[in-house]
Structures are given as C-alpha cells and as structure tokens.
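The block underneath contains the structure these notes are about, expressed in structure tokens.
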Amino acid sequence: MVALRVTKVGDDLAVVLTEELRDALGVVEGGTLYAEVGEAGEFTLAGRDMSFEGRRARGRLLISRYRKTLDALAK
C-alpha cells in the first residue's frame with residue numbers, strides 16, 4: 001500500500017504521486033488517471049480506462065490491427 005499526500009491547489013485538492021506509483025501506473029505529467037469506485041467504497045486507480053467500454057474499444061483496436069493474423073489463425 002502506498003500513502004498519498006493530499007495538497008490544496010487553488011480551490012481544488014490534488015494528490016501527490018510518488019515516483020514508484022507514477023512508474024507503476026505509467027502516467028506522466030499532463031496524462032490521465034482513471035478512478036473507479038467499487039460497491040464497498042474502495043476505489044481503483046488505473047493509467048488507462050478499465051471500464052467495459054474502454055476495454056471493448058482496446059479489443060476492437062487490437063482486432064483491427066491484427067485482422068490478417070487472426071484470420072489466418074482461425075483457419
């Protein structure tokens with residue numbers, strides 16, 4: 001578990017990410033982090049969209065990129 005420090009920036013609150021966490025999430029300055037809240041109140045941070053629609057879009061991109069290879073494997 002990594003403890004995150006919360007600071008005030010203007011009227012907003014910001015979380016300071018450690019170098020270890022930035023590397024693990026694969027995020028850089030100006031990048032986007034995705035937070036998902038679970039049913040029990042826990043939340044998950046991810047460096048990419050882990051929602052169903054986000055995973056579906058990445059899957060479609062993979063299929064379109066490797067269409068010929070996947071067709072050949074299906075034979």
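The values are calculated or read from the model by the stated rules, or taken from the named source; none is laboratory data. A quick note: this is a predicted structure, and the numbers were derived from the prediction, not measured. All Cβ positions, even for glycine, are placed from backbone atoms using ideal geometry, and neighbour counts span all protein chains on display.
A compact table of results
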| item | result |
| --- | --- |
| Scan of segment 5-39 for residues that are among the aliphatic types (A, V, I, L, M), closer than 23 Å to GLY54 by Cβ and more than 15 Å from the chain's Cα centre (by Cα), ordered by number | VAL15 |
| Condition broken by GLY54, with the remaining ones in (1) surrounded by 12 or more Cβ atoms within 10 Å (Cβ to Cβ); (2) of a type outside the set (A, V, I, L, M, F, W, C); (3) under 20 Å from MET1 (Cα atoms); (4) within 16 Å of the chain's Cα centre (by Cα) satisfied | (3) |
| Any strands (runs of 3 or more DSSP E) falling wholly within the chain and containing at least 1 residues that are modelled with pLDDT of 85 or more and at negative phi | 5-9, 12-16, 34-37 |
| Residue count, segment 20-51 (criterion: in contact with a strand residue (DSSP E or B) (Cβ under 6 Å, 6 or more places away or on another chain) and either farther than 19 Å from VAL2 by Cα or surrounded by 11 or more Cβ atoms within 10 Å (Cβ to Cβ) (or both)) | 6 |
